[in-house]
Each structure stands twice: as C-alpha cells, then as structure tokens.
1. Consider L59 carefully, then state whether it is aliphatic (A, V, I, L, M) and closer than 30 Å to L194 by Cα.
2. Hey, among L81, L7, which residue is assigned to a strand (DSSP E or B) and in contact with a helix residue (DSSP H, G or I) (Cβ under 7 Å, 6 or more places away or on another chain)?
3. Tally up the residues in the range 21-52 that are touching a residue at least 40 places away in the same chain (Cβ under 8 Å) and not charged (D, E, K, R), please.
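The values are calculated or read from the model by the stated rules, or taken from the named source; none is laboratory data. None of these values were measured; they are calculated from a predicted model. Note that we place each Cβ from the backbone using ideal geometry, even for glycine, and neighbour counts take in every protein chain shown.
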Amino acid sequence: MANKKVLLLDVDEVIVFSGFLEAVNEFMHTDYEIDDFTDYYIDEVVIPKERMPEFNNFLRNRNMYEKPNLLPNAVEVIKKLNEKYDIYLLSSCVNFFDVDGSGRNFADKYNFLIKTLPFINPGHIILTSAKHLFKADVQIDDRVNNLEHDIPLKILFPSYHNKEFTDEELKEKNIIRIGTNWRTAWKDIEKHLL
C-alpha cells in the first residue's frame, strides 16, 4: 500500500511490561502487581533512596526483556496495523540513575523487539528519549508529556499511572484516550484505527 500513514508507537507500558516490576519485587522481597501503582516511577515509590545505588547495581546485569509481559492482543493488533500504517517503534532505554549501564538495556530491548515483532522493519526501531523530534500522523504513548507536540492524532494508551488525567485536560492538549483499561486497550485501538 503506497503512502501509508506514519504511526509512532511506544513500547514500555504500551506493548509490554518489561521485567522491571519483577526486579523490584525480587530486590525488595515484595509481591506488588502493576495495578498497585499510580506513579510511573515504581522504584521511587517502593525502594528507599539510600538503597537506589544498590538497586541500580542489581539491575545492571539483568535483561529486563528476558521474560516480558506482553499486553493482551498487542502483537496481533500491531500486525494488523502494520498493513495499514508505516509503524515506527519509538522508545527510551536510558536509565538516568545508571547512564553507564544503560547500553545493555538498548541491546536487550532491540533484541526483544525484533524477535517479538518480526514484521516491523528493524530500521524502524528508534531508541530515544527525544520523542518530540519525530513527526507522524498518529502517535500512541502511555505518557502525556511524550504526546505534547504537533502530531494530528495523539492517543494516550491507558495505563496504571495515567488514570488521573481528565478528558478535559487531554482535550486541551489535543490528546484522546482510547479505552480505560490496559487489558483491553489494544482491541479498542484496533476498532478505532482499523
């Protein structure tokens, strides 16, 4: 199909919950679930500040994408969207608490993506925190601050940490919320975009 619309698609908390919460639980000997949180930075909620260097060292040699939790219907719907849209995966990998150790996260995430989404052109995997630099027709992300630039259709993916945004706040930013539950969101996106 010629002249496909461009779709920028976030990875973490949109396609997959990486093994981050499992790492937090293992480190702290807890049994939290993702819906126990309303703050994006789970580690800052659970781990005492004085233990953060120890936690970052614990993470340094861990593949966060070894046993990921794919969100329901994500792969199937993305495969369908790929027929209609030119999809670019746009995701951050830098751990700002451990910049020197972030290189492994880039490799682990890239390897996970090419294995899990083999139908996406590997040249369309963009690992960056500067999402505002990219233009597209559609963008799907779970963080409002990543959607605050000039994209015609901006979709907030429902997640544990973005429930507090009202429809009025999102409307002011020209962002729409499709669905209210991450468990069913991909089916909602499929209905909306296809």
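1. On the way: aliphatic (A, V, I, L, M): yes; closer than 30 Å to L194 by Cα: no.
Spelling it out, it is not the case that L59 is aliphatic (A, V, I, L, M) and closer than 30 Å to L194 by Cα.
2. On the way: L81 fails: assigned to a strand (DSSP E or B).
After ruling out the rest, the residue left standing is L7.
3. 6
Yes or no, residue by residue, for (1) basic (K, R); (2) loosely packed, with under 12 Cβ neighbours inside 10 Å; (3) at pLDDT 95 or above:
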position	(1), (2), (3)
Y32	no, no, yes
I42	no, no, no
P53	no, yes, no
R60	yes, no, no
E66	no, no, no
N73	no, no, yes
